[in-house]
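First the structure, in the form of structure tokens, and then the observations on it.
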2 protein chains.
Amino acid sequence: MTDVRIYVTYKESVFDPQGDTIKQAIHALGHDEVKDVKVGKFFDVTLDPSKKDIETAVKEVAEELLVNFNLETYRYEIMEEA
Amino acid sequence: MTDVRIYVTYKESVFDPQGDTIKQAIHALGHDEVKDVKVGKFFDVTLDPSKKDIETAVKEVAEELLVNFNLETYRYEIMEEA
């Protein structure tokens, strides 16, 4: 088995309301050392490489379900052989 | 400035409903090469190290706002000097 981590983030051009809200909350707590906050999500996916090669599997799963390409972009890294 | 990425994940003992739901959806799309899915989030935080040292700032922000320690755990990595 192979563990892959797929990172999904907003495109640079897209405003991140959650990140902005969190930044304001952090400043309200008095943390002015914090200059910016962006939020992202990741998916830890365990794959069986004998059934499909990793790159194809990740591309298909990302495109079919995990990523909204109007707003988001993704990249992935192979974590380890599980 | 320093960019830090704070990863927040469910504790091992906590059931991940979102990951489970996504796994079922992926299987419904015919991707049986996918064995497991876990979901996490991350915060890209830009910090001014001259105002507070990185480790303290991350610890405070994580404990005061970003992490629900009943369910979640976190770790962070310094991405780069912004």
Karplus (6.51, -1.76, 1.60) ³J(HN,Hα), θ = phi - 60°, over the range B:56-62, in Hz, Gly and Pro reported as x: 5, 4, 5, 4, 5, 5, 5
For A:I78, label point 7 Å along C-beta direction: distances to other copies, nm: 3.0
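Residues with beta-carbon under 9 Å from that of A:Y7, excluding A:Y7: net charge, scoring Lys, Arg +1 and Asp, Glu -1? Please report the intermediate quantities before stating the final value.
Values: positive: A:R5, A:K41, A:R75; negative: A:E77.
Net charge in that neighbourhood comes out at +2.
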Charge-dipole axis of chain B as Lys and Arg at +1 and Asp and Glu at -1 on Cβ define it, positive-most pick from B:M1, B:S50, B:I22: B:I22
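Taking the Cα centre as origin and putting +1 on Lys and Arg beta-carbons and -1 on Asp and Glu beta-carbons, what dipole magnitude results for chain A, to the nearest 20 debye? Mind dumping the intermediate values first?
Values: 10 positive and 18 negative charges, 46 e Å.
Value, rounded to 20: 220 debye.
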Distances in nm from B:E12 to the matching label points in the other copies, shortest first (labels 7 Å along Cα to Cβ): 4.0
With Cα atoms, 0 to 90° folded angle of helix B:17-28 axis to chain B main axis: 40
Chain A residue with Cβ closest to the axis mapping A onto B, distance in whole Å: A:K41, 2
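In peptide A:67-80, how many Cβ atoms from other protein chains are near each Cβ within 10 Å, on average?
Numbers: counts 0, 0, 0, 0, 0, 0, 0, 0, 0, 0, 0, 0, 0, 0.
Average per residue, whole number: 0.
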Gaussian network model of chain B, springs between alpha carbon atoms under 10 Å - residue of B:V34, B:V61, B:V45 with greatest fluctuation: B:V34
Nearest-first distances (nm) between copies at A:L29, label 7 Å from Cα via Cβ: 3.5
Which listed pairs, of B:K11/B:K35; A:K52/B:K11; A:K51/B:K35; B:K23/B:K59; A:K11/A:K38; A:K35/B:K52, have C-alpha distances above 21 Å, in listed order: A:K52/B:K11; B:K23/B:K59
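Computed from the coordinates by the stated procedures, all read-outs in this text should not be read as laboratory data. As the structure is a computational prediction, the values presented were derived from the model and not from experiment. Backbone-built Cβ (ideal geometry, glycine too); neighbour counts: all protein chains shown.
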